[in-house]
Amino acid sequence: MDGAMGPDLPDIGTAVRRLADQAALFDRSDADPAALLAPLIDADLFRQVTPKPAGLGWATDPGKTGELYELLRRIGAANASAGRLFEGHVNGVKLVFTFGNETQRARIGRRIGEGALMGVWNAEAPPGVRLEGPPGARMLRGSKIYASGVGLLDLPLITARDASGEVVMTTPAAARFAPHDLSGWRMRGMRATATGTLHLDGVPVEEDEILGAPGDYYRRPGFRGGAWRFAAVQLGALEDIARLALEGLGRRGRADDPHQKARAGQIEMAVETARLVSRAAADAVETNDGDPARAEAYAGMARLVVERSALEVIALTERGLGLMAFAEAERLERVVRDLTTYLRQPFPDAVLEGVGEWALTR
């Protein structure tokens with residue numbers, strides 16, 4: 001996890017080492033997300049996703065896709081919870097600089113330069129979040145669920161439906177102070193993401209806090225295509241599990257056992273498959289050659305292949321190491337919990353159906 005990974009990617013070795021070394025301290029639901037992210041904040045990585053000259057343009061320049069992929073992967077290998085929050089920031093910045101007007105881009109870019117963090121809150125329980133009221137007196141009604149970074153984010157991007165039922169993007173400054181509840185996030189993994197329910201009734205939305213046009217949030221291929229980014233974070237955690245598994249076999253003197261060699265070979269093939277497909281998806285989405293169906297299909301394949309590979313590697317690791325893989329004092333046990341929780345993204349069957357449809361009709 002050391003060293004620079006490209007001409008426009010600074011040496012982030014210190015940041016990811018700190019993340020990895022401190023990960024066990026944040027394996028609890030009441031962890032402070034600001035303290036969790038301190039290594040990335042200190043390394044100024046959140047600003048670098050914005051365009052030059054303020055940042056290095058990782059989230060906005062297709063030519064920096066390789067650097068962004070490596071960054072997400074390496075952060076995921078150090079701490080998946082931190083990777084989840086960093087990827088949310090990248091997502092928010094990308095949406096602002098894709099759909100925002102010049103004034104909005106300048107304002108939010110300036111705030112990020114001052115240290116503000118972004119994230120995207122989209123998941124909701126029925127009836128969902130609505131944008132109500134006439135221009136100049138708009139406000140939100142409803143609640144968001146599974147919102148990560150609650151109490152941390154300075155610039156949350158919140159989706160809502162307008163009077164016509166279309167989805168619009170908002171960046172209301174007042175949302176940061178909305179009532180929230182973290183008590184429901186009692187998952188076995190990803191405990192440090194400050195994930196909870198946000199109650200938005202009455203939160204005002206200024207006209208310049210409405211981003212883009214109705215429907216832009218789901219514009220192809222960005223919405224589904226963006227899955228490659230969280231798949232890259234998950235890949236990093238998968239690579240960490242594989243490394244810990246192979247090191248564990250060596251420490252226990254099992255490296256010469258033919259059955260363990262076979263497991264090691266299966267682990268390596270699964271990880272390399274996930275690596276190749278996720279990297280191809282990043283290029284397919286970010287270079288966007290005018291074929292959104294292809295971009296979405298590659299992103300879907302990346303998500304599903306990383307999931308399948310991770311579950312395969314976890315099973316092989318637990319079979320190969322036995323009870324050692326379940327010891328709470330071991331990093332391996334925690335990384336497995338984090339990754340299996342993070343893999344539970346919505347609508348996997350629909351994603352597979354979309355990949356199949358593209359394969360049949362391309």
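The values are calculated or read from the model by the stated rules, or taken from the named source; none is laboratory data. The structure presented is a predicted model; accordingly, all values stated were derived computationally and were not measured. Positions of Cβ are generated from backbone atoms using ideal geometry, with glycine treated the same way; all protein chains shown enter the neighbour counts.
Could you grab me the full set of residues in the stretch 165-212 that are in contact (Cβ under 8 Å) with a residue 60 or more places away in the chain and surrounded by 22 or more Cβ atoms within 10 Å (Cβ to Cβ)?
Matches in the stretch 165-212: Met169, Thr171, Met190, Ala192, Thr193, Ala194, Leu198, Leu200, Val203, Val205, Leu211.
If you go through the stretch 284-302 one residue at a time, do you hit one that is touching a helix residue (DSSP H, G or I) at 6+ places or on another chain (Cβ under 7 Å) and modelled with pLDDT under 90?
Checked against the condition, which is being touching a helix residue (DSSP H, G or I) at 6+ places or on another chain (Cβ under 7 Å) and modelled with pLDDT under 90, the stretch 284-302 yields at least one hit.
Could you grab me the full set of residues in the stretch 171-205 that are aliphatic (A, V, I, L, M), part of a loop (DSSP other than H, G, I, E, B) and within 25 Å of Phe326 (Cβ to Cβ)?
Within the stretch 171-205, Met187, Met190 meet the criteria.
Confirm whether Asp240 is buried (at least 20 other Cβ atoms within 10 Å of the Cβ), at negative phi and among the acidic types (Asp, Glu).
yes
State all residues of the stretch 133-156 that are under 23 Å from Trp185 (Cβ atoms) and either part of a helix (DSSP H, G or I) or small (Gly, Ala, Ser) (or both); if no residue qualifies, say none.
Gly142, Ser143, Ala147, Ser148, Gly149, Gly151, listed by residue number.
Consider the stretch 50-75. How many of its residues are touching a Gly at 6+ places or on another chain (Cβ under 8 Å) and β-branched (Val, Ile, Thr)?
2
Could we say that Arg319 is modelled with pLDDT of 95 or more and surrounded by fewer than 18 Cβ atoms within 10 Å (Cβ to Cβ) here?
It is false that Arg319 is modelled with pLDDT of 95 or more and surrounded by fewer than 18 Cβ atoms within 10 Å (Cβ to Cβ).
Do any helices (runs of 4 or more DSSP H) entirely within the stretch 261-362 hold 3 or more residues that are touching a residue at least 60 places away in the same chain (Cβ under 8 Å) and farther than 30 Å from Arg220 by Cβ, and if so, which?
Hits in the stretch 261-362: 292-321, 331-342.
Test each condition in (1) farther than 24 Å from Leu339 by Cα; (2) part of a helix (DSSP H, G or I); (3) not aromatic (Phe, Trp, Tyr) for Gly253 and report the one that comes out false.
Only one criterion is unmet by Gly253, namely (2).
So, in the stretch 148-164, exactly how many residues are closer than 28 Å to Glu114 by Cα and surrounded by fewer than 18 Cβ atoms within 10 Å (Cβ to Cβ)?
Residues meeting the conditions: 2.
Identify, by number, the condition in (1) within 20 Å of Ala24 (Cβ to Cβ); (2) β-branched (Val, Ile, Thr); (3) touching a helix residue (DSSP H, G or I) at 6+ places or on another chain (Cβ under 8 Å) that Val203 doesn't meet.
So Val203 meets the others, but not (1).
Filter the stretch 115-132 down to residues that are hydrophobic (A, V, I, L, M, F, W, C), part of a loop (DSSP other than H, G, I, E, B) and closer than 18 Å to Ala59 by Cβ, then give me how many there are.
Total meeting the criteria: 2.
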